[in-house]
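Data block below; observations after.
The values are calculated or read from the model by the stated rules, or taken from the named source; none is laboratory data. Everything numeric here is computed off the predicted structure, so don't read it as measured data. Cβ coordinates were reconstructed from backbone atoms using ideal geometry, including for glycine residues, and neighbour counts include every protein chain displayed. All accessible areas refer to the heavy atoms of the entire protein, side chains included, with ligands and DNA or RNA removed. Shrake-Rupley method; radii C 1.70, N 1.55, O 1.52, S 1.80 Å.
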Amino acid sequence: MTRMIHQDNGVFPAVCPLDCPDTCSLVLHKKDGVITKVTGNPEHPITGGAICNKVRNMTERVYHTERVLYPLRRVGAKGEGKFERISWDEAVSEIASKYKNLIAEYGSESILPYSFYGNMGILSVDGMDRRFFHRLGSSQLQQGICNSAGSTGWKYTMGFGGGVSPEELVHTKLFIVWGGNIVSTNMHQLALIEKGRKEGAKLVVIDVHRNRTGQRADWFVPLYPGTDSALALGMMHVLFERGLVNEQFMQEFTLGHEELREHVKMYTPERVASITGVPADDIVKLALMYGETSPAYIHIGNGLQHHDNGGMAVRTICCLPALTGQWLIPGGGAFKSNGAYGSMNGEALERPDLRPNPDARTISMNQIGEALLSLDPPIRSLFVYCANPAVVAPDTGKVEQGLLREDLFTVVHDLFITDTAKYADIVLPATSSFENTDIYTSYWHHYVQLQEPVIPARGESKSNVEMFRLLATAIGFEENAFRDSEEDLIAQALDYADNPYLHGVTLDALKEQRSVKLNMTPKAHFLKSLSTPSGKIELFSSRMAEAGLPALPTYIPLIEGYDGEQRPAKGAEYPLMFISPPNHSFLNSTFGNVEKLQALEKEPLLQIHPEDAKVRGIENGDRIVVWNDRGRYLVNASVMDKMLPGTVISQGLWWGQGGRNTRANMLTPDRLADMGGGAVFFSTVVEVKRSENK
Ligand SMILES: Nc1nc2c(c(=O)[nH]1)N[C@H]1C(S)=C(S)[C@@H](COP(=O)(O)OP(=O)(O)OC[C@H]3O[C@@H](n4cnc5c(=O)[nH]c(N)nc54)[C@H](O)[C@@H]3O)O[C@H]1N2
Ligand SMILES: Nc1nc2c(c(=O)[nH]1)N[C@H]1C(S)=C(S)[C@@H](COP(=O)(O)OP(=O)(O)OC[C@H]3O[C@@H](n4cnc5c(=O)[nH]c(N)nc54)[C@H](O)[C@@H]3O)O[C@H]1N2
Ligand code: SF4
Ligand SMILES: [Mo]
């Protein structure tokens, strides 16, 4: 392990740590002890030599002049970002004594960890950190910010959380990318699709925005936000009506197809057209194309599930391959996430058994602002790591108000003074992933990869594992679980009889090969043993009915938003739907402070349809203000027709630029989606006008 750190020159293996399905295998080029270049590993069977421009520029982040290299204590007002350097001893003993006092006075649930996947390393975010907070007895965090609505919808239908493998896509003849911008967010899948297209396959993109992926499509199908389940139901209507369903497959592998057949009669192409904005003829054409092309594959992106009805949208779309029997055809079926194939031994890794209070309250990360402001008994300390809620969480105005509370003790472990860290009482310096030992799985491909340190920790920075180990010791936790080395943790995570796909992936194999493929043989029979209550694909789900949801796929309009039938009344206060998906050059808010990548994105923009711009007197390049009851967002107008009128788009999770309101989440609601406690970033309505503020 010390080998790579101590060699000053050469090329060394690495893994991309970012929250991206590709989980690329990387090569780090070192000169005089410094990483000078990051390239793709041409030998990796899936990710190969190509990597994205973000990570080609990763050295700009690792060696950024503003990286936090020492522990800091706040000296200015909260949010001001003024700190003084302190030692690790001081920082750790201050946190430990504060926590002991809080626990004595208010109980351990007064402390809340707030983390997400800023580094996807299993040890970094599902390891020593979990042990620490379990043993502490802190409040628990419900991590619904990313894909939980859709994953829950998928699981109601399919049981197991896995779908089509990348290797199968060589066979595919029709690719439907539905609510995903894979040019920016899953580039190796795009490469496989482009390969297929050279052999005659077609790409259909269904999205509210003709994004980079839509621009490449053979057919781009625009629709109103939050109407995807209606579109899928309209397709089902046509499939049943035209006899394009596979009766034998439905009989053998599904539950509820007769109920569904009756149910979808009401979703005529004409009715669905008036909801979705997709012309009736196009709905029929899409359904025929889907029903008549084999293998047909559906990539379900994250965009369509960040809505009030996001769980149902995914649940409905993933019923389509069950009607046609595409699940049995190599290269056919659907993909939402393949994370479940690589699931690790969570009990051993996270040690929930260390928790003295298994019933400790659970708080949704999507409602962190509200929780900080009004929860009773209050949260008195927030410990943020691998996350940047002041930029990424919904309704960030509330988050900021919460973080401003003088009686809240906030600790942030990060590589930078993020917009969140500005509010911290203590900032702890985090290593970059190239300074750590960790393992990575992908939620798309099937390889587990090992990262060992390539450079020493910069300054006094520490990995999450090391930092939580240190805190555990300072607070007096004596269990052996807090003495485990990184290698112990890896071995414990991989030792998991319950997941047959993990058999054969061992620490030794990882050390030898760096990247080890999961054992995919059980997948051949997955349809025969689905983990739904009936063991079948549940087109009808009693579990959904028990949860108060329609048991059959059903279109439910957004709580905040407009479909084609309920276009805003004239004079409506907020007549536009505001969609704020990721941009190409940042990874959520990560890289938002890297100048080279900032320069590529230029500035926060609002894409607005010429019709919507004209009635407001807005011209291309105008500085505009976007607002609703929650807040304001200052951007420049980009007048274009990449979406239907009534929808406006702003890409990228920008940091507050020089104190300006350049965070899209000032406008987004902190309601929870229909399933899984998911976030509903895109179910937002706004109004827009030219700003006098330059
Ligand atoms: N470059 C880059 N890559 C990333 C990220 C990043 O920030 N930047 N983030 C990473 C993370 S954490 C995630 S979760 C993934 C997300 O990546 P994707 O799965 O691609 O999802 P999003 O980019 O959130 O949204 C995709 C598209 O959905 C559209 N959309 C919004 N509402 C609707 C709707 O109602 N119906 C339909 N059909 N489309 C809709 C959006 O306009 C957008 O074009 O990307 C990962 N990769
Ligand atoms: N409006 C809107 N909001 C969104 C989305 C959207 O599409 N639109 N997307 C949502 C989605 S899908 C997601 S997943 C979330 C993502 O939200 P977050 O997970 O909060 O993602 P990032 O903004 O990238 O913040 C990650 C932070 O972790 C830090 N970090 C990286 N490595 C380490 C490490 O090893 N240790 C520690 N301690 N810190 C580290 C980084 O420096 C960075 O500041 O955002 C959500 N917010
Ligand atoms: S962000 Fe995604 S595409 Fe870019 S290097 Fe990392 S895993 Fe690969
Ligand atoms: Mo995400």
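Structure notes:
- Tally of residues being outside any helix (DSSP H, G or I), within 21 Å of Asp670 (Cα to Cα) and of a type outside the set (Ser, Thr, Tyr) across the range 348-379: 7
- Test: residue in the range 232-252 that is within 16 Å of ligand 4 (Cβ to nearest atom), open to solvent by less than 50 Å² (accessible area, probe 1.4 Å) and closer than 27 Å to Ala201 by Cα: no
- Checking each residue in the range 175-201 for being open to solvent by 40 Å² or more (accessible area, probe 1.4 Å) and in contact (Cβ under 8 Å) with a residue 60 or more places away in the chain picks out Thr185, Met187, Ala191.
- Among the residues examined, Ile608 qualifies as crowded, with 23+ Cβ neighbours inside 10 Å and either away from ligand 1 (no atom under 14 Å from the Cβ) or under 29 Å from Asn186 (Cβ atoms) (or both).
- So Thr324, is it in the same structural domain as His306 (by TED's automatic domain parsing) and either at pLDDT below 95 or in contact with a Phe, Trp or Tyr (Cβ under 8 Å, 6 or more places away or on another chain) (or both): yes
- Residue in the range 197-217 that is within 11 Å of ligand 1 (Cβ to nearest atom) and among the acidic types (Asp, Glu) present: yes
- Selection of the range 651-662 for residues being more than 16 Å from ligand 4 (Cβ to nearest atom), open to solvent by less than 50 Å² (accessible area, probe 1.4 Å) and small (Gly, Ala, Ser) yields only Gly656.
- Filter result for the condition that a residue is open to solvent by 20 Å² or more (accessible area, probe 1.4 Å) and touching a residue at least 12 places away in the same chain (Cβ under 8 Å), over Asn628, Asn588, Asn665, Asn583: Asn588
Okay, residues lined up against (1) open to solvent by 20 Å² or more (accessible area, probe 1.4 Å); (2) basic (Lys, Arg):
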| site | (1), (2) |
| --- | --- |
| His44 | no, no |
| Gly48 | no, no |
| Val55 | no, no |
| Val62 | no, no |
| Glu66 | yes, no |
| Arg74 | yes, yes |
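- Residue check for Thr431: closer than 16 Å to Phe591 by Cα and away from ligand 4 (no atom under 16 Å from the Cβ): yes
- Looking only at residues in the range 94-125 that are in a helix (DSSP H, G or I) and more than 30 Å from Asp376 (Cβ to Cβ), the one that is farthest from ligand 4 (Cβ to nearest atom) is Leu123.
- Some residue of the range 632-644 being hydroxyl-bearing (Ser, Thr, Tyr) and either within 16 Å of ligand 4 (Cβ to nearest atom) or in the same structural domain as His209 (by TED's automatic domain parsing) (or both): no
- With respect to the stated conditions, Ala287 is within 23 Å of Met643 (Cα to Cα), at pLDDT 95 or above and away from ligand 4 (no atom under 16 Å from the Cβ).
- Any hit, the range 597-612, residues being over 27 Å from the mean Cα position of the chain (by Cα) and among the small types (Gly, Ala, Ser): no
- Take the conditions (1) of a type in the set (A, V, I, L, M); (2) open to solvent by 20 Å² or more (accessible area, probe 1.4 Å); (3) closer than 19 Å to Ser683 by Cβ; Met577 misses just one of them, which is (2).
- Hits in the range 552-602 - residues which are among the acidic types (Asp, Glu) and in contact with a strand residue (DSSP E or B) (Cβ under 6 Å, 6 or more places away or on another chain): Glu560
- Subset of the range 182-205 (residues that are within 16 Å of ligand 2 (Cβ to nearest atom) and hydrophobic (A, V, I, L, M, F, W, C)): Ile182, Val183
- Test result for Gly33, over 30 Å from Ile300 (Cβ atoms) and not assigned by TED's automatic domain parsing to the domain that holds Thr590: yes
- Residue match in the range 537-551 (condition: crowded, with 20+ Cβ neighbours inside 10 Å, more than 30 Å from Phe249 (Cβ to Cβ) and either more than 16 Å from ligand 3 (Cβ to nearest atom) or free of Cβ contacts under 8 Å to residues at least 60 places away in the same chain (or both)): no
- The listed residues are Ala509, Ala472, Ala524, Ala491, and the only one of them that is of a type outside the set (Ser, Thr, Tyr) and buried (at least 21 other Cβ atoms within 10 Å of the Cβ) turns out to be Ala472.
- Entry remark, the range 544-589: residues being within 16 Å of ligand 2 (Cβ to nearest atom) and either in contact with a Phe, Trp or Tyr (Cβ under 7 Å, 6 or more places away or on another chain) or among the β-branched types (Val, Ile, Thr) (or both) number 5 in total.
- Counted as qualifying within the range 133-233 are the strands (runs of 3 or more DSSP E) with 1 or more residues that are under 19 Å from the mean Cα position of the chain (by Cα) and of a type in the set (S, T, N, Q), namely 140-142.
- Considering residues of the range 159-174 that are surrounded by fewer than 24 Cβ atoms within 10 Å (Cβ to Cβ) and small (Gly, Ala, Ser) only, the residue farthest from Asp359 (Cα to Cα): Ser165
- Identity of the residue in the range 407-430, open to solvent by 10 Å² or more (accessible area, probe 1.4 Å) and more than 16 Å from Asn593 (Cβ to Cβ), that ends up farthest from the chain's Cα centre (by Cα): Asp407
- Taking the criterion of being surrounded by fewer than 21 Cβ atoms within 10 Å (Cβ to Cβ) and charged (D, E, K, R), the only residue of the range 668-686 that qualifies is Arg671.
- Residues (open to solvent by less than 10 Å² (accessible area, probe 1.4 Å) and either over 14 Å from Gly301 (Cα atoms) or aromatic (Phe, Trp, Tyr) (or both)) located in the range 138-158: Ser138, Ser139, Gly144, Trp154, Thr157, Met158
- Per the listing Lys30, Lys37, the residue uniquely modelled with pLDDT of 95 or more, of a type in the set (D, E, K, R), open to solvent by less than 30 Å² (accessible area, probe 1.4 Å) and more than 16 Å from ligand 2 (Cβ to nearest atom) is Lys30.
- Scope the range 88-132; condition touching a residue at least 60 places away in the same chain (Cβ under 8 Å), open to solvent by 10 Å² or more (accessible area, probe 1.4 Å) and over 30 Å from the mean Cα position of the chain (by Cα); matching residues: Trp88, Val92, Ser93, Glu94, Lys98, Lys100, Leu102, Tyr106, Gly107
- The strands (runs of 3 or more DSSP E) located wholly in the range 1-84 include none with 3 or more residues which are among the polar types (S, T, N, Q) and over 30 Å from Lys398 (Cα atoms).
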